[in-house]
Amino acid sequence: MKHHALEQLQSVAEVDQDYPRQAMSRSERLERWVELLERHPGRRLSTLHQTEYQPARERAAMRSNGSPISVAFADPVLRAAGLENDSYGEAKRFFELTDHQLHRVICYCHFGETLSAATAAHHIRKALSGRQRGMFIRLRAVFDR
């Protein structure tokens, strides 16, 4: 997929910035992401390196071609709902995930260089269902927001 700045698009097409965004709940957005990943469950997706060690600003800007986040960004439905790019920070904002939840989906330390789309979908479903183990993880989620 080729990405262009809005200014570049306006030189070749009429861009309607007032077009209403599709309203989707958090659950609907996460379900859509899972569905996209489950279409090709064996697909290998790239991870992001050491998300937990990056300063917040740098972590927010992290991205990788062929990541679970880029699968979401390639979807016109999620883009119409407001997904603006395929960065870590945008996925965190748009899908309303904590750093801990997104870390479980995308970080190299859990999967190595790549993970299957099915594995990413599994971890997104866990975030969707709100299943978290132990009091420590629940406390951590409070501080990750």
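Of note:
- Pairing residues of the range 107-127 that are surrounded by 17 or more Cβ atoms within 10 Å (Cβ to Cβ) with residues that are of a type in the set (D, E, K, R) and in a helix (DSSP H, G or I), at Cβ distances under 8 Å and at least 6 apart in sequence or on separate chains, gives 107/52; 117/38; 121/38; 123/104; 127/104.
- Index of the failed condition, residue 63 passing every other in (1) assigned to a helix (DSSP H, G or I); (2) in contact (Cβ under 8 Å) with a residue 24 or more places away in the chain: (1)
- For the range 46-58, the criterion of being over 16 Å from residue 34 (Cα atoms) and under 12 Å from the mean Cα position of the chain (by Cα) is satisfied by at least one residue.
- Applying the criterion of being out of contact with any Lys or Arg (no Cβ under 7 Å at 6 or more places or on another chain) and not in a loop (DSSP other than H, G, I, E, B) to the residues of the range 50-60, the residue that is surrounded by the most Cβ atoms within 10 Å (Cβ to Cβ) is 59.
- Single residue of the range 82-110 satisfying the filter (hydrophobic (A, V, I, L, M, F, W, C) and in contact with a Lys or Arg (Cβ under 6 Å, 6 or more places away or on another chain)) that is farthest from residue 33 (Cα to Cα): 102
- For the range 67-99, the set of residues classified as within 13 Å of the chain's Cα centre (by Cα), of a type outside the set (D, E, K, R) and assigned to a helix (DSSP H, G or I) consists of 68, 69, 70, 71, 72, 73, 78, 88, 89, 91, 94, 95, listed by residue number.
- Scanning the range 38-63 for residues being in contact with a strand residue (DSSP E or B) (Cβ under 8 Å, 6 or more places away or on another chain) and either β-branched (Val, Ile, Thr) or closer than 16 Å to residue 83 by Cα (or both) gives a total of 4.
- The lone criterion from (1) at pLDDT 95 or above; (2) among the charged types (D, E, K, R); (3) within 18 Å of residue 100 (Cα to Cα) left unmet by residue 52 is number (1).
- If you check 98, 47 for being buried (at least 17 other Cβ atoms within 10 Å of the Cβ) and at pLDDT below 95, only one passes: 98.
The values are calculated or read from the model by the stated rules, or taken from the named source; none is laboratory data. Since this is a predicted model, take the numbers as computed values, not measurements. Heads up, the Cβs are rebuilt from the backbone with ideal geometry, glycines too, and the neighbour counts pull from every protein chain shown.
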